[in-house]
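**Q** Quick one: structure below, then a few questions.
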């Protein structure tokens, strides 16, 4: 079986250089985006924890249960989780944000002048 290669003339040209203004805009927005993403992830995680915790308890006999209560509890848990994340949460968002900003600003080892040991 013969494999033919694609001629370079039909491949799109890709410029590896990122314009300085675009890079500066990205780097300026990166910390805010990292914080937002980290808080959203923590809120989702806390909501999943609350849902799992609620499944371990019995039905609430005071309100009668039902489909409406299940929907309300789900929405309430999401709001609890979002509020917790905005106000410090369980510390997961802070660690994720720190890791995202550290990794996002770090240059690959080959650009830092590190040698690769193979």
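The values are calculated or read from the model by the stated rules, or taken from the named source; none is laboratory data. Since the model is a prediction, treat every value here as computed from it, not as a measurement. We place every Cβ from the backbone using ideal geometry, glycine too, and count neighbours over all the protein chains shown.
**Q** Taking only the range 60-99 into account, find how many residues are loosely packed, with under 13 Cβ neighbours inside 10 Å, in contact with a helix residue (DSSP H, G or I) (Cβ under 9 Å, 6 or more places away or on another chain) and part of a loop (DSSP other than H, G, I, E, B).
**A** 4
**Q** Which residue pairs have Cβ atoms closer than 6 Å, lie 6 or more positions apart in sequence or on different chains, and pair a first residue in the range 60-74 that is more than 14 Å from residue 47 (Cβ to Cβ) with a second residue that is in a helix (DSSP H, G or I) and modelled with pLDDT of 70 or more?
**A** 63/69
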